[in-house]
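Single-structure report; data block below.
What follows is calculated from the coordinates using simple rules that are stated; it is not laboratory data. Remember, it's a predicted structure, so these values are computed and weren't measured experimentally. Neighbour counts are summed over all protein chains in view; Cβ atoms, including those assigned to glycine, are modelled from backbone coordinates with ideal geometry.
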């Protein structure tokens with residue numbers, strides 16, 4: 001499985017990243033691409049920007065472990081995960097997950113699995129800038145629930 | 001034995017620094033004991049660790065539970081629940 005994990009400040013090109021996974025090969029029958037985008041409204045109030053803080057070293061390691069786990073669970077032929085950090089304005093992309101497989105089921109499931117785990121396990125924190133100042137976004141219980149459902153056959157040994 | 005502590009997001013803001021190296025206090029064996037000890041180091045630490053139940057920890061880049069042993073840890077990080085993605 002071709003796997004790429006990148007953390008960067010710069011924007012990414014989702015279409016180009018998906019094309020890189022399939023270029024020159026004919027065994028891939030399905031590519032799922034998920035892009036997380038910065039919303040302009042948070043809790044009913046307009047926001048100026050998000051700032052994403054991360055834990056260098058651990059963030060890459062945690063994402064790579066989950067990419068490997070996804071590769072054990074589904075017959076994937078390629079995975080690309082890109083997560084931006086720093087200041088991100090509304091409308092800009094934050095995160096990209098691309099999964100490639102022979103068939104769509106694996107590609108869809110693996111992309112969802114990776115996003116659910118990214119949200120709850122990858123060490124990133126969002127701070128939101130509004131007219132009234134900067135505040136840290138609280139973790140959502142619904143994200144924990146989303147990650148929980150993959151655990152039934154979870155082999156990952158980290159504390160969860 | 002010395003250990004590097006790293007703080008992120010509002011834990012970092014409350015403590016007032018991103019990282020520091022400390023001598024592991026004797027008798028402190030677990031992550032939760034270390035949090036209680038840190039909370040006693042002054043006002044900013046007390047504020048940062050006032051509700052240890054909401055703080056997550058990692059030892060040498062791996063998520064750990066509060067009862068994890070800190071023995072042999074090179075780097076211990078404290079941070080709020082993650083909100084990436």
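Points worth noting:
- Largest mean-square fluctuation among A:104, A:25, A:149, in a Gaussian network model of chain A whose springs join Cα atoms under 10 Å apart, belongs to A:25.
- Note: relative contact order over chain A, using C-alpha pairs below 8 Å and six or more positions apart, is 31 percent.
- Mean-square fluctuations from a GNM of chain B, with a 10 angstrom spring cutoff on Cα atoms, peak among B:25, B:66, B:52 at B:25.
- Cα→Cβ-extended label distance, 7 Å offset, between residue A:148 and residue B:69, nm: 3.1 nm
- Two-site label geometry, residue A:141 and residue A:15: point separation in nm, points 7 Å out along Cα→Cβ: 4.2 nm
- Pairs of Cα atoms farther than 15 Å apart, segment A:17-101, %: 65 percent
- Tensor-based shape of segment A:80-151 (alpha-carbon gyration tensor, a/c under 1.5 rounded, otherwise prolate or oblate): oblate
- log10 of Debye I(q)/I(0), alpha-carbon scatterers only, for segment A:24-66 at 0.21, 0.23, 0.27 Å⁻¹: -0.91, -0.93, -0.98
- Chain A - Rg over Rh from alpha carbon coordinates, Kirkwood radius: 0.98
- Placing a pseudo-label 7 Å from each Cα along the Cα-to-Cβ vector at residue A:102 and residue A:64 gives an inter-label distance of 2.9 nm.
- Full-extension gain in nm, residue B:47 to residue B:1, via 0.36 nm per residue minus C-alpha separation: 14.0 nm
- Translational diffusion coefficient (Stokes-Einstein; Kirkwood radius from C-alpha pairs) of chain B at 4 °C, 1.567 mPa s, in µm²/s: 102 µm²/s
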